[in-house]
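Laboratory data are not the source of any read-out in this text; all were calculated from the coordinates shown. Quick caveat: nothing in here was measured; it's all calculated off a predicted structure. Methodologically, a virtual Cβ is constructed for each residue, glycine included, from the backbone with ideal geometry; neighbour enumeration extends over all protein chains shown.
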Amino acid sequence: MIRCENITKIYATGGTDLAVLKDVSFEIAKGEFVAIIGPSGSGKSTLMHILGALDRPTSGKYFLDDKDVGELSDEDLAEIRSSKIGFVFQSFNLLPRSTVLRNVMLPFIYDEHTLVSERKEKAAKALKAVGLEEDRWGHLSNQLSGGQMQRVAIARALVNEPGILLADEPTGNLDSKTGQIVLQTFQKLNKENGNTIILITHDHNVANFANRVIEIKDGVIVADKKTNQNL
Amino acid sequence: MRISDLFGETFFSLASNKSRSALTILGIVIGIGSVIAMISVGQGSAKDISSRIESLGTNLLVVMPGSQKSAGQVVRGGMGSSQTLTMSDAEAIKEIKDIQAVASTVSSRKQVTVKGANTNTSIYGIDSNYFGIKNIEVDLGSVINASQVTSQSKVAVLGPTTRDDLFGADADPIGQKIRIGSQEYFVIGVTKSKGGSGMGSSDDLIYIPLTTAQQYLTGSQSVSNINVQVSQENLMTVVQAQIQELLLQRHRISDPASADFSIMNQADMLSAMSSITQTLTLLLGAIAGISLIVGGIGIMNMMLTTVTERTREIGLRKSLGAKSKDISLQFLTESVALTFIGGFIGFLVGWGGSWLINKLSGLTTSVNSSSVILSFVVAAVVGIVFGYYPARRAAKLNPIEALRYQ
């Protein structure tokens with residue numbers, strides 16, 4: 001479902017061109033749980049932006065469901081983000097002073113395919129999938145704990161039933177115990193819902209929750225292997 | 001993006017910053033409110049003036065004697081001071097086509113006494129059809145009729161102010177005697193008040209028959225005014241020219257510039273006055289408009305602050321699939337909503353303000369439907385103009401940078 005061919009991303013900063021990604025090629029099949037790991041500055045965030053249709057590669061091709069994303073207009077990219085990709089951020093990015101339910105239903109505003117009458121039901125399904133207790137749904141997002149906030153954010157990413165969940169350091173702001181709960185949530189979604197999950201991290205312990213780890217360094221893939229999660 | 005979602009998001013975002021939204025709206029309220037109030041003062045005075053001019057009578061031309069001038073003299077006498085118009089001029093004017101009625105008057109100022117009171121007021125000697133032409137109605141008693149004019153009756157109709165001065169407020173003076181100069185007159189009527197005060201007020205005077213006035217007060221056949229009522233409004237200038245020509249001929253004057261009379265056209269007066277009030281309205285509106293611009297800048301300021309504050313949120317919305325036009329529409333709707341609410345409240349405040357101005361200062365004010373339309377159109381335009389730049393700025397944000405924004 002995801003196919004990257006010779007992706008290069010060059011940023012022009014102050015006259016000198018900085019190549020952040022160099023000739024990166026890989027494929028991710030539907031239903032995989034992949035971790036992309038690398039130290040800061042390795043180009044993993046840039047890769048995530050390209051995979052998430054927030055950015056276009058300078059050269060090379062990125063096929064999402066056999067569609068060349070680099071060829072698409074800004075409007076079409078927005079449409080792809082709305083229907084095919086769910087983002088989970090390190091800092092949650094929930095709307096403050098808004099209830100859990102409103103946060104989870106936010107993506108529907110930009111998605112005209114879902115009927116208004118279906119919204120609540122779908123939001124409830126997503127919240128159940130991430131295991132957030134029903135009595136919290138009416139709470140304001142800033143009244144929740146970090147782990148709960150991140151699970152709300154995952155529910156928000158899930159609510160449109162996208163094929164791919166893109167998580168950028170989802171445990172970066174959490175302690176290791178709640179981080180583990182969040183990662184187990186991803187595993188559960190991958191196994192039970194069949195979501196394709198791409199997790200960006202710098203932490204090997206986090207990456208080990210995935211079935212496959214792609215290691216990236218200085219804009220080049222240095223390793224691509226299965227983990228023992230498959231056992 | 002659905003319209004219901006757009007409104008929902010707008011409401012939520014304005015409601016989550018209540019005090020800031022309220023203060024921004026206040027700026028628009030003051031702007032729209034003062035525009036409405038100021039324009040109501042301008043339009044009210046326009047209405048006031050035109051109704052006063054129209055109350056003098058409809059389709060009226062007034063022929064007045066000109067200044068006294070003789071060869072070699074540089075100093076002109078006052079307008080209307082000469083005695084060049086006569087009854088026979090009035091008779092001749094009557095012959096012109098399209099004239100409905102002609103009423104001559106003579107006027108003079110005299111001391112008037114009754115038992116225990118006296119006043120100095122204008123005495124109008126009038127024809128029987130004068131009241132009809134000038135739209136004057138009697139409150140008590142009767143008007144001066146044709147036979148009283150022919151027979152030089154010593155009867156008088158009082159203006160309400162004169163009645164108050166001589167007999168006390170709201171007294172019934174019918175049948176009482178008053179003394180004008182050395183003659184005694186019977187009071188037969190009191191006119192209805194027409195408003196206005198000071199010189200030229202139609203409330204502070206006494207009407208007596210024209211012939212009586214000529215006989216006992218002025219002692220001549222000349223008249224002070226010839227009021228001409230034209231049958232149709234669009235014939236006024238034509239009739240005016242005809243009267244001009246007729247009188248020049250009768251007075252044997254070849255050069256119109258040296259005419260010994262002048263003709264005042266009511267329509268000319270009306271248009272002169274309305275051009276003054278239009279300028280007044282424009283001036284007042286422009287001053288109030290400045291505060292509206294200041295209010296608009298307040299909107300822009302708030303929206304720019306909001307865009308900066310919500311940079312991450314904009315980034316998030318874009319990552320969820322919001323298109324640039326969704327984002328700009330959202331911010332534009334917010335600013336238009338602010339100005340619309342402000343426009344609505346401002347209209348009510350302006351309306352209340354104009355009512356208050358009317359109560360406190362006595363100025364006539366008038367709020368009409370065009371003010372309502374104006375306030376809403378202006379509010380929408382202010383919202384769009386001052387919301388456009390912030391909305392564009394929000395829409396153009398790069399989602400990656402917006403998400404990183406601290």
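What to note about this one:
- Comparing B:GLU184, B:GLU334, B:GLU95 in a Gaussian network model of chain B, where Cα atoms under 10 Å apart are tied by springs, the biggest mean-square fluctuation is seen for B:GLU95.
- Residues of type aspartates and glutamates that A:LYS226 reaches as a straight line, Cα spacing below 18 Å, ignoring anything fewer than 8 places off in the same chain: A:GLU27, A:GLU32, A:ASP203, A:GLU215
- Members of A:LYS30/B:LYS318; B:LYS18/B:LYS47; A:LYS188/B:LYS396; B:LYS94/B:LYS192; B:LYS110/B:LYS192 lying beyond 31 Å, as alpha-carbon distances in this model show: B:LYS18/B:LYS47; A:LYS188/B:LYS396
- Extending 7 Å from the Cα toward the beta-carbon at both B:VAL294 and B:PHE12 defines two label points whose distance is 3.6 nm.
- Coarse-grained scattering of the range A:31-108 at q = 0.12, 0.16 Å⁻¹, given as base-10 log I(q)/I(0) from a Debye sum over alpha-carbon atoms: -0.45, -0.76
- Taking the number of Cβ atoms within 10 Å of each Cβ as an exposure proxy, the fewest-first ranking of B:ILE290, A:ILE216 is B:ILE290, A:ILE216.
- Modelled this way, with points 7 Å down the Cα-to-C-beta line, the labels at A:GLU118 and A:ARG56 are 3.1 nm from one another.
- FRET efficiency for B:GLU245 and B:SER370, using Cβ-Cβ distance with R0 set to 41 Å, rounded to 0.05: 0.45
- Rounded to the nearest 500, the helix-only mean residue ellipticity at 222 nm of chain A stands at -8500 deg cm²/dmol, with each DSSP H run of n ≥ 4 adding -39,500 (n - 2.57).
- Simple spin-label estimate for A:ASP76 and B:LYS94 in nanometres, 7 Å along Cα-Cβ: 9.4
- All C-alpha to C-alpha distances of the range B:294-367, sorted into 10 Å bins beginning at zero, yield P(r) values of 17, 32, 22, 15, 10, 5, 0 percent in whole numbers.
- Alpha-carbon Debye profile of the range A:128-215, log10 I(q)/I(0) at 0.14, 0.20 Å⁻¹: -0.47, -0.95
- Measuring nothing but alpha carbons in the protein assembly as shown and taking Rh as the Kirkwood radius, the Rg to Rh ratio lands at 1.36.
- In the range A:24-161, a dipole from Cβ-located charges (positive for Lys and Arg, negative for Asp and Glu) runs towards its positive end, and of A:SER82, A:LEU64, A:GLY38 it is A:GLY38 whose Cα lies farthest in that direction.
- In terms of other Cβ atoms within 10 Å, B:ASP255, A:ASP23, B:ASP48 run from fewest to most in the order B:ASP255, A:ASP23, B:ASP48.
- Note on the protein assembly as shown: with charges restricted to the Cβ of Lys and Arg (+1) and Asp and Glu (-1), its dipole about the Cα centre is near 1000 debye.
- Pairwise centroid distance, computed over Cα atoms, of the range B:305-342 with the range B:1-39, Å: 14
- Helical mean residue ellipticity (222 nm; -39500 (n - 2.57) per DSSP H run of 4+; nearest 500) of chain B: -18000 deg cm²/dmol
- Kirkwood hydrodynamic radius of chain A, from the reciprocal of the average inverse Cα-Cα distance over all distinct pairs: 18.1 Å.
- Projected area, mean over directions - the range A:116-164, Cα convex hull, nm²: 3.6
- Longest to shortest principal axis, alpha-carbon extents of chain B, angstrom: 102, 54, 39
- Take the Cβ atoms of B:LEU280 and B:THR237, set R0 to 25 Å, and the FRET efficiency comes out at 0.40.
- Gyration tensor over the Cα atoms of the range B:1-65: the corresponding equivalent ellipsoid has semi-axes (square roots of 5 times the eigenvalues, largest first) of 52, 15, 6 Å.
- If R0 is 30 Å, the Cβ-Cβ spacing of A:HIS202 and A:SER145 corresponds to a FRET efficiency of close to 0.80.
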